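What follows is a short report on a single structure.
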Amino acid sequence: MEKVASNLTYTLNGKAVRKSEGILLALSRCRDADAGKDPELTVFASEALPFSSVTKVMGIAGKARYFRFRVFVFDKQKRAMYEVTYSKSLPFSMTVSSAVPR
């Protein structure tokens, strides 16, 4: 994933994804080519992208039946790459628990 000018572009297996095709269709076709396997999707994202763009692609990957994926974000200034990992969801409540000291 990369932001070029004001557009978000995708490259899949070294080839640019056409806007007319879209990332969901491109991922689905790629997944169907390996129907007997459980492939892992690796996403490389530019630090210029908002995090919401990254999570949106992860949701699209799930729709394309990619359930194992890794996400890496590049930081050009630091010349580093960071992996985004996810944990199990945590319950959330707006009420204050009596067990929490005030």
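The values are calculated or read from the model by the stated rules, or taken from the named source; none is laboratory data. Not measured: the values here are computed from a predicted model. Cβ sites come from the backbone with ideal geometry, for glycine too, and all protein chains shown count toward neighbours. Each accessible area value is taken on the protein alone, full model and side chains, heavy atoms only, with ligands, DNA and RNA left out. Shrake-Rupley method; radii C 1.70, N 1.55, O 1.52, S 1.80 Å.
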Considering only region 8-92, what is the antiparallel percent among its DSSP beta bridges, to the nearest 5?
50
Accessible area per residue for region 6-102 in Å², computed with a 1.4 Å probe and the full protein assembly in place, what is it?
78
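Do the sum for the chain: with -39,500 (n - 2.57) for every DSSP H run of n ≥ 4, divided by all residues, what is the mean residue ellipticity at 222 nm, to the nearest 500 deg cm²/dmol?
About -7500 deg cm²/dmol.
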Angle check, please: helix 23-33 long axis (alpha carbons) against the longest principal axis of the chain (alpha carbons), in degrees 0 to 90, nearest 10.
70
Taking Cα pairs under 8 Å and at least six residues apart, what relative contact order does the chain come out at, in percent?
23
Count the net charge of all other residues whose Cβ sits under 13 Å from the Cβ of F74, scoring Lys and Arg as +1 and Asp and Glu as -1.
0
Using a basic spin-label model with each label point 7 Å from the Cα along Cα→Cβ, how many nm lie between N13 and K78?
3.4
Measure nothing fancy, just the Cα-based angle from helix 51-63's long axis to the longest principal axis of the chain, in degrees from 0 to 90, nearest 10.
70
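Let me spell out the model: positive unit charges on the Cβ of Lys and Arg, negative unit charges on the Cβ of Asp and Glu, origin at the Cα centre of region 49-95. What dipole size does that give, in debye rounded to 20?
It works out to roughly 180 debye.
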Within the chain, what's the longest stretch lacking chymotrypsin sites (Phe, Trp or Tyr not before Pro) that sit in DSSP loops with no more than 14 other Cβ atoms inside 10 Å?
1-66
Extension gain, M94 back to S52 (0.36 nm per residue minus Cα-Cα distance, nm):
12.8 nm
With a 1.4 Å probe and all protein chains left in place, how much of the accessible area of the chain comes from carbon and sulfur atoms, in whole percent?
56
Search the structure for amide H atoms under 5 Å from the amide H of L41, placed 1.01 Å from N in the peptide plane, and list their residues when 5 or more places away or on another chain.
R68, F69, R70
Whole-Hz couplings from phi, Karplus 6.51/-1.76/1.60, listed for region 8-21; x for Gly and Pro:
9, 10, 10, 10, 10, 6, x, 10, 5, 7, 5, 4, 5, 8
